[in-house]
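The values are calculated or read from the model by the stated rules, or taken from the named source; none is laboratory data. All values derive from a computational prediction rather than experimental measurement. Cβ sites come from the backbone with ideal geometry, for glycine too, and all protein chains shown count toward neighbours.
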Amino acid sequence: MENRHLHDLIRSRAPITMSPGDSVRDACSKILEHHIGCVLVTEQDQLVGIFTGRDAVKLLAAGRKRAGLTLADVMTRRVTTLGPAASALEALHCMQDGGFHHVPIVDRGRLVGVVARRDFYGIEHARLDEETSYWERI
């Protein structure tokens with residue numbers, strides 16, 4: 001089975017980035033406008049956090065007023081990243097183990113893209129399920 005690398009997935013897609021001081025409202029607008037699941041939060045070209053659509057839902061469910069909130073107030077700061085040479089299966093394992101749906105791709109300290117669970121083929125998801133099942137049996 002072909003095992004794609006992340007650089008193949010992100011080749012023609014630039015990540016959508018915002019600053020920590022930008023509003024949650026603006027981030028939600030970007031997510032809707034670009035039909036994406038997250039924005040990456042950067043400061044001086046360095047990744048400092050991630051804000052996802054799931055984060056927005058959690059804010060609403062908690063009743064937090066979003067008008068005055070900035071990304072710095074609510075973003076996930078400890079972001080798991082992978083390099084562009086990582087395989088699709090590695091990324092899926094990372095997402096499964098971490099309980100998240102997006103992984104930023106960083107090459108030598110520079111943000112180069114982001115992948116989401118939906119970016120992967122069914123066969124890659126099937127391979128993940130097969131490996132997970134195998135390890136659960138032993």
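A compact table of results
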item	result
Filter result for the condition that a residue is within 14 Å of the chain's Cα centre (by Cα), charged (D, E, K, R) and part of a helix (DSSP H, G or I), over 25, 54, 13, 78	54
Candidates 87, 29 - the one that is polar (S, T, N, Q) and at pLDDT below 90	87
Enumeration of residues in region 81-100 that are of a type in the set (A, V, I, L, M, F, W, C), assigned to a loop (DSSP other than H, G, I, E, B) and out of contact with any Leu (no Cβ under 8 Å at 6 or more places or on another chain)	100
Region 53-95, subset within 19 Å of residue 118 (Cα to Cα) and acidic (Asp, Glu), residue surrounded by the fewest Cβ atoms within 10 Å (Cβ to Cβ)	90
Restricting region 104-118 to residues that are in contact (Cβ under 8 Å) with a residue 40 or more places away in the chain and over 16 Å from residue 31 (Cα atoms), the residue that is surrounded by the fewest Cβ atoms within 10 Å (Cβ to Cβ)	109
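Rundown of residues vs (1) on the phi < 0 side of the Ramachandran plot; (2) without any contact (Cβ under 8 Å) to a residue 12 or more places away in the chain, yes/no style:
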| site | (1), (2) |
| --- | --- |
| 32 | yes, yes |
| 63 | no, yes |
| 83 | yes, no |
| 88 | yes, no |
